[in-house]
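A short worksheet on the structure shown next.
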Amino acid sequence: MQSELILMAHPAFGVLAILAAVWVFAEAITNNATSRGRLRMMSLACAGLVWLSYLVGGYWYVVYYAADKALIKAGPWPFAHGFVMEVKEHIFFSMLLLSSYLPIAVFSLTAGKQALKPVVLWVSAWIVVLGLTMEGAGAFISMGAKVALLATQSTGDTP
């Protein structure tokens, strides 16, 4: 039960981080006195949620993923780990850096440095794009495990 909750928390934190980044983008467009508090709060939420996703996903990877990795690599979609997971692992670090930078840029923007508005818009937009990429890659990896299980079920082999 605990492993399933951990497995579901990882993408849930990621989706919430994407939503927070969309919110930052929308608030940054207006960037008026009434939106500044929300802008700061959502930039911090985005960074925190990305870090939570990283920590939970990292824990899953270290503790539980070895069995999934072996299953995927032995199944009909070995590239789900060999390529997709490797790409996901490396691209995610960009998202981690961008989400950590986002509150810095937002707090500077809300402190009156209007020249940072395009930076906040671009950073939040990239977090959304990279986050959606991560979600899609995760779904692809999950499907790699499912097709491997289906293949072992149809042949009668044990995973």
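What about Ser124, is it within 16 Å of Ala20 (Cα to Cα), modelled with pLDDT of 95 or more and touching a Leu at 6+ places or on another chain (Cβ under 9 Å)? Here the answer is yes, as Ser124 does meet what is asked.
The set of residues from the stretch 105-121 being buried (at least 16 other Cβ atoms within 10 Å of the Cβ) and either among the β-branched types (Val, Ile, Thr) or at pLDDT 95 or above (or both) comprises Ala105, Val106, Phe107, Thr110, Val119, Val120, Leu121. Residues in the stretch 44-59 that are within 12 Å of the chain's Cα centre (by Cα), farther than 15 Å from Val123 by Cα and either hydroxyl-bearing (Ser, Thr, Tyr) or crowded, with 19+ Cβ neighbours inside 10 Å (or both): Leu49, Ser53, Tyr54, Val56, Gly57. Restricting attention to the stretch 92-111, which residues are under 19 Å from Glu135 (Cβ atoms) and of a type in the set (S, T, N, Q)? If the condition is that a residue be under 19 Å from Glu135 (Cβ atoms) and of a type in the set (S, T, N, Q), then Ser94, Ser99 are the ones that fit.
When the stretch 68-93 is filtered for residues that are farther than 18 Å from Gly136 by Cα, in contact (Cβ under 8 Å) with a residue 12 or more places away in the chain and either of a type in the set (A, V, I, L, M) or surrounded by fewer than 18 Cβ atoms within 10 Å (Cβ to Cβ) (or both), the ones remaining, listed by number, are Leu71, Ala74, Pro76.
When the stretch 42-62 is filtered for residues that are of a type in the set (A, V, I, L, M, F, W, C) and in contact (Cβ under 8 Å) with a residue 12 or more places away in the chain, the ones remaining, listed by number, are Met42, Leu44, Ala45, Cys46, Ala47, Leu49, Val50, Trp51, Leu52, Val56, Trp60.
The values are calculated or read from the model by the stated rules, or taken from the named source; none is laboratory data. Keep in mind it's a predicted model, so treat the numbers as computed, not measured. Here Cβ is always computed from backbone atoms with ideal geometry, including for glycine, and neighbour counts include all displayed protein chains.
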